[in-house]
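Taking it in order: structure first as structure tokens, then the write-up.
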Amino acid sequence: MTAWTRRHCTCVEVRNLTYEQAAAALAITSDRWLRDNISRLPHQKFGQQPAVFCHCDLRLIQAMRTVMPPEALHLLDAPADQPANQHEGELPYGRCEDCRTPLTRPGRSRCAGCKHLDPVPGQRRRGATSRQRTIQPPLLTAVPPAAEPAEPARPPFQWKPEDPLAPTRICGCGRDFKSRTDQTCQDCQFAAHQEAVTA
């Protein structure tokens, strides 16, 4: 298996599920079915560790196991008295030539779900008249984070005049300074102020 086989995955961050978590997400009472059929299901395998599933894998498993009666397919298809391309002009990029799903990108004639059904060299492509309909995976659009309000500009550093009557203190940097309240010298305070401004 190579990385290109993960083309169906649209996850932005890694959120892998164990057998038990995947069974709960699919509303299966036991993970036994997943374990028994793991060789025929999309999953990830890392060495000797048990298989894990991401949510995109679960969507493919759900699509693989979807049962579509002919009556439901008839309802999904366009009625005979209305041409299939009646609303074609309203869609920005038209429909998929195989499954009639609205396209989301310009310059394409097939949706991502149908492109995944392209045959591997040496295999025959399943006909468009198959009873199983292709399901286009949902598109995850990255939403930019809300702009954080700009912090107010820090006031410039104020140098304090040295109090000659204040007790002498020793700063952590080794300098002697006179102050009644400060624990660090003004040079260290200025350096801390500069770091806060440039951070």
* **Criterion violated by Ala63 - all others in (1) open to solvent by less than 50 Å² (accessible area, probe 1.4 Å); (2) touching a helix residue (DSSP H, G or I) at 6+ places or on another chain (Cβ under 6 Å) satisfied** => (2)
* Look at Thr168 and say whether it is surrounded by 10 or more Cβ atoms within 10 Å (Cβ to Cβ) and either of a type in the set (S, T, N, Q) or more than 49 Å from the chain's Cα centre (by Cα) (or both). => no
* Asked: Of (1) in a loop (DSSP other than H, G, I, E, B); (2) within 22 Å of Cys114 (Cα to Cα); (3) β-branched (Val, Ile, Thr), Thr5 satisfies all except one. Which?
  -> (1)
* Selection count, region 171-199, where residues are open to solvent by less than 90 Å² (accessible area, probe 1.4 Å) and among the charged types (D, E, K, R) -> 3
* Output for region 7-33, where each listed residue is free of Cβ contacts under 8 Å to residues at least 24 places away in the same chain and open to solvent by less than 80 Å² (accessible area, probe 1.4 Å) -> Ala23, Ala24, Ile28, Ser30, Asp31
* **Residue tally, condition modelled with pLDDT under 75, of a type in the set (Val, Ile, Thr) and surrounded by 10 or more Cβ atoms within 10 Å (Cβ to Cβ), over region 87-129** => 1
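The values are calculated or read from the model by the stated rules, or taken from the named source; none is laboratory data. The structure displayed is predicted, hence computed values, not measured ones. Neighbour counts are summed over all protein chains in view; Cβ atoms, including those assigned to glycine, are modelled from backbone coordinates with ideal geometry. The accessibility values were calculated without ligands, DNA or RNA, using every heavy atom of the protein model including side chains. Shrake-Rupley method; radii C 1.70, N 1.55, O 1.52, S 1.80 Å.
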